[in-house]
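Colleague: I am attaching a structure below and will ask some questions about it afterwards.
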Amino acid sequence: MRIAIYNNDIDNSNAIKQSLCALLVENNLIIDNEKPDIVITVGGDGTLLGAFKHYVDRIDDIRFVGLHTGHLGFYTDWLSSELVELVMSLKHDNGQRVTYPLLDMTVIYNTNEAKHFLALNEAAIKQPMGTLVADIFLGDKLFERFRGDGIAVATPSGSTAYNKANGGAVLHPKLSAIQMSEIASINNRVFRTLGSPLVVPEGQKIIVKPKSDNFLVMYDQSDIKDASISELRFQVAKKQVHFAAYRHVDFWQRVHRAFINDIDN
Ligand code: NAP
């Protein structure tokens, strides 16, 4: 089994990476950052987003393991105090995994050229200056004309990130669906959108045709600024992301720990 370590650039993560490397070598595990079977991220959920982007072309062949340098997160099951336990789990790995849905974003340009992107958390279309105007189609039928700051389309595992800040629902990652949420829509007697987040099942498309210029397309930690984009299509991706499941952390417990815990204490 070949293992890669992908860390964020803070001193603590670098130090943990060194200790982890030493332990892996001591236990005869192979470190291979080019063609790994397992990618261990050291940092936070944001670091896992970075690793996802880095290894996206090999996503079918990889399982991720998230090691958090702070609190446990949504993609991170291990703490830096648990390096030995983690290495023992890797040594006794039997291919156990959990799989989450991904977002497929197809960007269509004025030339009809199409490019596909995969997102682990979400994609968003935002207008930094002025108002985004966009026609939104569900399937091939016009559903609404949106006016406002933007819209986001999230995966279930990304539903606890930007989507949640937009008033979206938290979706269990076993659901194969995507969720569109509005970012500060204008709703008055003249302009009208649904005003609620929408959950769309696998097999259905959300199509967004921007009518204004100067919009920005974001997906996870990346962005595209290109006035020649004519259309964006979103659907549950055919590909999925895999995590090595050495321990079971209940999704609702993660949600509780991340958002409610402080109130308990
Ligand atoms: P980042 O540092 O990668 O992420 C920003 C924060 O979101 C971090 O605290 C990160 O946790 C947390 N996070 C990431 N994925 C999450 C998930 N699935 N559930 C709950 N929290 C999650 O920042 P960035 O470089 O700008 O990355 C872009 C991400 O930021 C996007 O995917 C988007 O979801 C999020 N974002 C959120 C808002 C908002 O909430 N208003 C606005 C824009 C973007 P860690 O501390 O563990 O890394």
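Colleague: Restricting attention to the alpha-carbon atoms of the chain, what are Rg (one decimal) and Dmax (integer), both in Å?
Modeller: When restricted to Cα atoms, the chain yields Rg and Dmax of 19.9, 68 Å.
Colleague: When the chain is treated as a GNM, springs tying every alpha-carbon pair under 10 Å, which of T47, T111, T131 comes out with the largest mean-square fluctuation?
Modeller: T111
Colleague: While we're on this one: Just tell me which lysines come within less than 21 Å, Cα to Cα, of K141; anything on the same chain fewer than 8 places away is out.
Modeller: Correct list for K141: K205, K209, K211.
Colleague: Keeping every protein chain present and rolling a 1.4 Å probe, give me the accessible area per residue for the stretch 1-144 in Å².
Modeller: Numbers: 6640 Å² over 144 residues.
Value returned for the stretch 1-144: 46 Å² of accessible area per residue.
Colleague: Here's something else I'd like to know. Going by Cα centres, the stretch 208-262 and the stretch 1-42 are how many Å apart?
Modeller: About 26 Å separates the Cα centre of the stretch 208-262 from the one of the stretch 1-42.
Colleague: Note down the magnitude of the dipole of the stretch 1-118 about its Cα centre, charges +1 on Lys and Arg C-beta and -1 on Asp and Glu C-beta and zero elsewhere, to the nearest 20 debye. Write out the running numbers ahead of the final one.
Modeller: Details: 9 positive and 16 negative charges, 19 e Å.
Value, rounded to 20: 80 debye.
Colleague: If you don't mind, another one. Going by alpha carbons, how many degrees (0 to 90, nearest 10) lie between the helix axis of 11-26 and the longest principal axis of the chain?
Modeller: Orientation of helix 11-26: about 50 degrees from the principal axis.
Colleague: Next up: Restrict the search to the stretch 159-265; then list the trypsin sites (Lys or Arg not before Pro) that DSSP places in a loop and that have at most 15 other Cβ atoms within 10 Å of their Cβ. Don't skip to the answer; put the middle values down first.
Modeller: Working: sites: K164, K174, R189, R192, K205, K211, K225, R233, K238, K239, R247, R254, R257; in loops: K174, R189, R192, K205, K211, K225, R247.
Here the sparse-neighbourhood loop sites are K174, R189, R192, K211, K225, R247.
Colleague: Shifting gears a bit: Just to confirm my numbers, what's the Cα centroid distance between the stretch 174-194 and the stretch 58-81 in Å?
Modeller: Distance between centres, Cα-based: 31 Å.
Colleague: Taking Rh as the Kirkwood radius, which is the inverse of the mean 1/r over Cα pairs, what is the Rg/Rh value for the stretch 102-239?
Modeller: Across the stretch 102-239, the Cα-based Rg/Rh ratio is 0.93.
Colleague: Right, something else. When the accessible area of the stretch 102-239 is split by element with a 1.4 Å probe, what percent falls to carbon and sulfur?
Modeller: 50
Colleague: Something else about it: Using modelled backbone amide H atoms (1.01 Å from N, in-plane), which distant-in-sequence or interchain residues come within less than 5 Å of N33's amide H?
Modeller: none
Colleague: Around V241, which amide H atoms from residues at least 5 apart in sequence, or from another chain, sit under 5 Å from its own amide H, with H modelled in the peptide plane?
Modeller: Sorted by chain and number, the residues that satisfy this are Y100, L102.
The values are calculated or read from the model by the stated rules, or taken from the named source; none is laboratory data. What you see is a predicted model; the values in this text were computed from it and never measured. Positions of Cβ are backbone-derived with ideal geometry, glycine not excepted, and every protein chain shown enters the neighbour counts. Accessible surface areas use protein heavy atoms only, side chains included; no ligands, DNA or RNA. Shrake-Rupley method; radii C 1.70, N 1.55, O 1.52, S 1.80 Å.
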